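To start, the structure under review is shown below, and the notes come after it.
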Amino acid sequence: MPDHALKTDLDALARDHGIAPYRPTPEGKVIRVSSETKRKLLRALDVEVPESSEAKMPVCFVPSFLEDSKVWGISLEPYELRSARNWGIGDFEDLAQLCELAGSAGADFVGLTPLHAPFLADPNRCSPYEPSGKQWLNPLYIAVDLLPGVALTQSEETEINRLRSTELVDYVGVAKLKLAVLRRVWRERQKAGGILMAEDQAAFSAFCDERGSGLRRHALFEVISAEMVERGLGAGWRSWPEELQDPTGEAVQHFAQSRLDEIEFHMWLQFLAHRQLQEVGERARRSGMRIGLYLDLAVGEALDGSATWSRRDVYVRDASIGIPPEPWALEGQDWRLAAFLPAKIADGEDAPYCRIVDAAMRYAGAIRIDHAAALRRLFIVPSDGTPAEGAYVNYPQSAMFDVLADASHAHECLVIGEDLGILPEGLQGDLAAAHILSYKILSYERDATGFKPVEDYPALALACISTQDHQTIGGWWLGKDVEMRRKHGLIDDATADAQLAERVKERGYLAKAFEVEGLTVPTEAEELSDEDVEQLTLNAYRFVARTPSMLLAIRLADLTREKEPTNVPGTSESYPNWKPKLSVSLEQFSDLPLFRTIVAAMHEERPR
């Protein structure tokens, strides 16, 4: 793939002649320079703009080293990390240390589920795919112990030990402890004459100026949300008194004037999260990673969160994102996520899609677009209806591709599209033409005749064995995913039995595909020894490593051989989604036999 084919002619021409891709606004924001402006400025600079530049669809950034090499990395859910120093939830320091370990082992990226801002006042609303706002970060990932001058009481030390020892993340306990200590640090530094040292004070002020009114409004949402919870109401704005539901209203402005210190505290939390995540990315690069952080951009936001409260004018009202009935979910699903209005999502230089894409890419060498079908259409469910009464709504694909292309070149960031499930006709080809990598999961890459051979995987893709929504490869082999769906009422007994019968065939298909590559599968179908699990995991990763796909993601839960899934899609109360921790601590990873074995295999299959 030649280098010139990896860029848009227009964007490359603009960069070559010194035209910056972004410009500031009086409000302190940074917005994208439009393609039309680039054309006009190039002509003003007496640069000929080829006709092909006018008509050619922009394509996303792909680094030149991927022209002739294939790389691998590790994927995980950040909260699941255990360590001897964290406070009961994986944090940015844990991530930095994991990046250094992975980089030294030869990995080129570490992939994470979304780091978007949650509901701090309702910590058990912990799904990273139902964030309060995608433009902001999750302060619960702040490594509080790294802040200068943090002193803990004996009771706080005891609580930290308790939080570390739990099998599930105790989000309520973690939030209570971290926010209490952070608030104390904030107040102590104010009493001392400044929230930070002088140079950090300047950086904080610059951060607030650059993020503009959007940051202040998000912080205001957090303050109101916390007070509403104290009053016995909900953290989301739809349960608030009517006068507080409008962020521009007089009551909200009066409230804000009486809570200036607390608003600034929440702005400071975003600053701390920003600084620490930046440091994670820098340490990842220093460890030898050529891509670094690979971040996930959720498809939607909570219906009652900071984002929809702050900018209600750009969201669909009285409806939410979901999926129609399908074999995996016979009733369909209503994800209860807010969707942008198609006419507003990419409209103008300060479009919502520009803001959230930039917010993710500023820290990343790659981002994954969750539910890439949304680049063309979304399944929308009326608030008073069921998924069976929903319908697809079209989105401005070309304009959204333009946003992704411009931002990916500005940030030198790969774009990956999670293109699983039912896709609109032709979208997969459009994604490839735009150099948006597809997403290939081993168990999905099959047809009626068996699993696809390695050579049939596309080069412009990320390949993996499983994700946060799947069992590990050992669990898949035993049909635990089917039994989990049966247990939680997502499928009936007849459907489960049929899927288990199909799994028997799938195991046979997998054995044939592996055999072509000189790899084996367990001889016992109904149970697996520890040795069987490790051999199956190793051979599965060797198989996908031999595909032409540019990227290979190794799931950390496979290496630690987790027995329970992270998330069971379609459940809410019946399974502790987004809470299970890994069974092995960060300090033990490098000593895991399976970790060492798979790293050695990657050195053979995909040497750096």
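Checking understanding here: applying a Kyte-Doolittle mean of at least -0.5 and a length along the axis of at least 15 Å (C-alpha), which whole DSSP H helices in the chain pass?
Membrane-span-like by this rule: 92-105, 171-191, 198-230, 397-411, 493-516, 530-545, 593-605.
Using the Cα atoms of segment 167-261, I'd like the radius of gyration and the largest Cα-Cα distance, Dmax, both in angstrom.
In Å, with Rg to one decimal and Dmax whole: 15.8, 46.
List the residues whose amide H sits under 5 Å from the amide H of Val316, counting only those 5 or more places along or on another chain, with H placed 1.01 Å from N in the peptide plane.
Amide H to amide H, under 5 Å and 5 or more residues apart or across chains, Val316 pairs with Ala339, Phe340, Leu341.
Is segment 438-570 rounded, prolate or oblate when judged by the Cα gyration tensor, a ≥ b ≥ c being the square roots of its eigenvalues, rounded requiring a/c under 1.5 and prolate requiring a/b larger than b/c?
Judged from the Cα gyration tensor, segment 438-570 comes out rounded (a/c under 1.5).
Over the Cα atoms, compute the radius of gyration (one decimal) and Dmax (the largest Cα-Cα distance, rounded to a whole number) for segment 367-509, in Å.
Cα only, segment 367-509: 17.7, 52 Å (Rg, Dmax).
Rounded to whole Å and ordered largest first, report the semi-axes of the equivalent ellipsoid of segment 205-344 derived from its Cα gyration tensor (root of 5λ).
28, 27, 13
Each residue of segment 414-420 in turn: what ³J(HN,Hα) in whole Hz from Karplus with 6.51, -1.76, 1.60 and θ = phi - 60°, glycine and Pro shown as x?
Those phi angles translate into 5, 10, 10, x, 6, 9, 8 Hz.
Measuring from the lowest to the highest alpha carbon on each principal axis, how far does segment 297-390 reach, largest first, in angstroms?
Dimensions of segment 297-390 along the principal axes of its Cα atoms: 39, 29, 22 Å.
Cα-Cα over 24 Å: which of Lys480/Lys581; Lys487/Lys579; Lys40/Lys134; Lys70/Lys480; Lys487/Lys563; Lys178/Lys563?
In this structure, Lys40/Lys134; Lys70/Lys480; Lys178/Lys563 lie more than 24 Å apart at Cα.
Over the chain, consider all pairs of different Cα atoms and compute the Kirkwood hydrodynamic radius from their mean reciprocal separation; express it in Å, one decimal.
That comes to 25.4 Å for the chain.
Per residue, what volume in Å³ does the convex hull of the Cα atoms of segment 113-158 enclose?
Given the Cα convex hull of segment 113-158, per-residue volume reads 111 Å³.
Apply the Karplus parameterisation 6.51 cos²θ - 1.76 cosθ + 1.60, with θ equal to phi minus 60°, to every residue of segment 131-143 and state each ³J(HN,Hα) to the nearest whole Hz, in sequence, with x for glycine and proline.
x, 5, x, 7, 7, 10, 9, 8, x, 5, 8, 5, 7
Nearest-5 percent of antiparallel DSSP beta bridges in segment 64-605?
Around 40 percent of the beta bridges assigned by DSSP in segment 64-605 are antiparallel ones.
Averaging the inverse of every distinct alpha carbon separation and then flipping it gives the Kirkwood radius. What is it for segment 317-361, in angstrom units?
Taking every pair of different Cα atoms in segment 317-361, averaging 1/r and inverting gives 12.5 Å.
Each value in this text was obtained by applying a stated rule to the coordinates, not by laboratory testing. These figures come from a predicted structure and were not determined experimentally.
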